[in-house]
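Structure, as structure tokens:
The values are calculated or read from the model by the stated rules, or taken from the named source; none is laboratory data. None of the values given here were measured: they were computed from a predicted structure. For neighbour counting, all protein chains shown are included, and Cβ atoms are generated from backbone atoms with ideal geometry for every residue, glycine included.
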Amino acid sequence: MPYLQLKGVTLGYGSHVVLRHIDLEVSLGEVVGIIGPNGSGKSTLIRAISGVLSPSSGRMTLNGQDISRLSRHSLAQLVAVVPQNAYLPETFTTLEIVLLGRYPHLGLLRHESQSDLSIALDAMERTGIASLAERRVGQLSGGERQRLLIARALAQQPRVVLLDEPTAHLDIQHQIQVMELVQGLADQGVAAIAAIHDFSVAARFCHRLLLLSDGGVRAEGPPESVMTPGNIEAAFGVNALVYRDALGDRLVINPFFRRSRSEPCRIHVIGGGGRGATAIRRLHEEGFEVTAGVLNEGDADLAIALAVCTEVVVIPPFAAIDRLKHEQNRKLAAQADCVVVCDVPFGKANLLNLEAAAEARRLVLLEDTPMEARDFTAGVASALYSRLSRRAKCTVLRDLISSIEETLAEGRMACSRG
């Protein structure tokens with residue numbers, strides 16, 4: 001049974017409605033991320049669940065109890081908040097701040113017991129700040145302050161932890177440390193709900209996501225069902241590449257603005273070994289229709305190719321290109337307005353990719369790495385490459401787009417003269 005439930009909740013400030021008809025269920029042991037553009041209501045929802053903001057309609061319950069009927073003291077025993085940009089007295093020690101988390105469990109005029117101290121020290125140990133117990137808050141770094149706030153929340157021994165932008169203003173190392181702490185809370189049976197602005201962090205560390213947009217819930221569910229290009233464009237107004245990394249276990253989200261081209265133009269990319277991923281991404285962002293081949297399953301280029309290309313020729317892992325796949329690749333090369341051959345190492349298994357490039361009407365060769373350094377065919381690939389280079393534009397990845405535009409322009413001029 002869900003520990004936290006919101007049914008038909010509407011939230012706002014005075015006459016200004018921020019969120020309408022919100023339904024949400026969160027079980028113990030879950031990490032649920034709240035994502036959405038600025039002003040979509042992420043912090044408002046966190047404030048409501050913490051009991052600071054009352055809904056104008058709908059019902060919110062914790063373990064079946066209506067949140068609005070719980071006293072502040074009772075609610076603080078169940079829910080801890082890690083706020084954004086929290087004020088911390090700079091002359092307090094870190095231990096004193098963490099001990100404040102025990103306040104909801106103290107009786108009137110009671111002081112912290114040895115048990116309370118043990119709980120606070122354990123919270124500091126779990127968050128990696130035990131060695132800072134006597135250090136003043138004013139001497140802490142941003143990452144240490146964030147861990148201090150989480151330690152204070154842990155000391156409350158809550159069933160639900162609410163985090164408002166817990167990774168904001170932190171470097172990559174501290175972002176990972178903080179979110180691993182949040183995952184650790186869930187592993188211990190705590191429900192964690194975090195407002196998060198970073199797509200990749202949300203996808204990596206959350207079991208489920210709630211996407212807020214236009215005053216309501218646009219999508220809810222596992223990260224892969226919420227973080228789709230369509231949802232991201234509708235909510236944030238940007239395009240996005242969404243795919244799993246080469247290992248297949250992490251969702252990668254790269255937002256971008258895609259150019260609109262006056263005329264459709266198709267580019268075929270011959271890559272492999274991770275040498276084509278950047279070229280494919282840049283071409284897609286520039287508004288080109290992109291095809292690719294031949295790529296092996298498991299190749300680092302394949303994930304992004306499958307995400308953005310209209311057609312990809314794929315073969316099994318470590319397999320050589322067979323005649324059927326070679327013919328498919330040749331056709332794509334012949335149909336393209338331009339073919340790009342990336343600076344791929346060539347061996348017997350992928351030598352047919354160079355033969356397919358010969359079908360190109362216009363050809364761009366990327367030479368960030370010289371051909372002689374990536375020829376593993378005793379010179380056969382170099383000979384093929386040399387013939388291709390006589391009619392190709394040779395360039396480097398940095399100048400890929402300008403080189404393609406020049407090649408296409410030269411082709412148009414040749415056609416007009418013809």
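Okay, residues lined up against (1) in contact with a Lys or Arg (Cβ under 8 Å, 6 or more places away or on another chain); (2) aromatic (Phe, Trp, Tyr); (3) farther than 19 Å from residue 228 by Cβ; (4) assigned to a loop (DSSP other than H, G, I, E, B):
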site: 264; (1), (2), (3), (4): no, no, yes, yes
site: 278; (1), (2), (3), (4): no, no, yes, no
site: 290; (1), (2), (3), (4): yes, no, yes, no
site: 299; (1), (2), (3), (4): no, no, yes, yes
site: 305; (1), (2), (3), (4): no, no, no, no
site: 332; (1), (2), (3), (4): no, no, yes, no
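List every residue pair whose Cβ atoms lie under 9 Å apart, where the two residues are 6 or more positions apart in sequence or sit on different chains, the first residue falls within the stretch 73-85 and is part of a helix (DSSP H, G or I), and the second residue, located anywhere, is among the polar types (S, T, N, Q) and surrounded by fewer than 20 Cβ atoms within 10 Å (Cβ to Cβ). Within 9 Å, the pairs are 74/65; 75/50; 77/157; 78/63; 78/65.
For the stretch 18-62, taking the residues that are of a type in the set (S, T, N, Q), in a loop (DSSP other than H, G, I, E, B) and under 15 Å from residue 192 (Cα atoms), the one that is modelled with the lowest pLDDT is identified as 50.
Quick one: would you say residue 219 is surrounded by fewer than 22 Cβ atoms within 10 Å (Cβ to Cβ), modelled with pLDDT of 95 or more, in the same structural domain as residue 80 (by TED's automatic domain parsing) and part of a strand (DSSP E or B)? It is true that residue 219 is surrounded by fewer than 22 Cβ atoms within 10 Å (Cβ to Cβ), modelled with pLDDT of 95 or more, in the same structural domain as residue 80 (by TED's automatic domain parsing) and part of a strand (DSSP E or B). Does residue 167 satisfy being β-branched (Val, Ile, Thr), out of contact with any Gly (no Cβ under 6 Å at 6 or more places or on another chain) and within 22 Å of residue 31 (Cα to Cα)? It is true that residue 167 is β-branched (Val, Ile, Thr), out of contact with any Gly (no Cβ under 6 Å at 6 or more places or on another chain) and within 22 Å of residue 31 (Cα to Cα).
Residue 235 meets each of the listed conditions (1) out of contact with any helix residue (DSSP H, G or I) (no Cβ under 7 Å at 6 or more places or on another chain); (2) assigned by TED's automatic domain parsing to the domain that holds residue 363; (3) not β-branched (Val, Ile, Thr); (4) not in a loop (DSSP other than H, G, I, E, B) apart from (2). Look at the stretch 147-173: where a residue is over 21 Å from residue 53 (Cα atoms), no partner that is surrounded by 22 or more Cβ atoms within 10 Å (Cβ to Cβ) and aromatic (Phe, Trp, Tyr) sits 6+ places away or on another chain with Cβ atoms under 6 Å.
Among the residues making up the stretch 270-287, those that are hydrophobic (A, V, I, L, M, F, W, C) and in contact (Cβ under 8 Å) with a residue 60 or more places away in the chain are 270, 279, 283.
Please specify each residue of the stretch 334-365 satisfying the condition of being closer than 23 Å to residue 403 by Cα and part of a helix (DSSP H, G or I). Residues satisfying the conditions are 334, 335, 353, 354, 355, 356, 357.
Which members of the stretch 102-160 meet the condition of being modelled with pLDDT of 90 or more, over 22 Å from residue 182 (Cα atoms) and not in a helix (DSSP H, G or I)? Matches in the stretch 102-160: 134, 135, 136.
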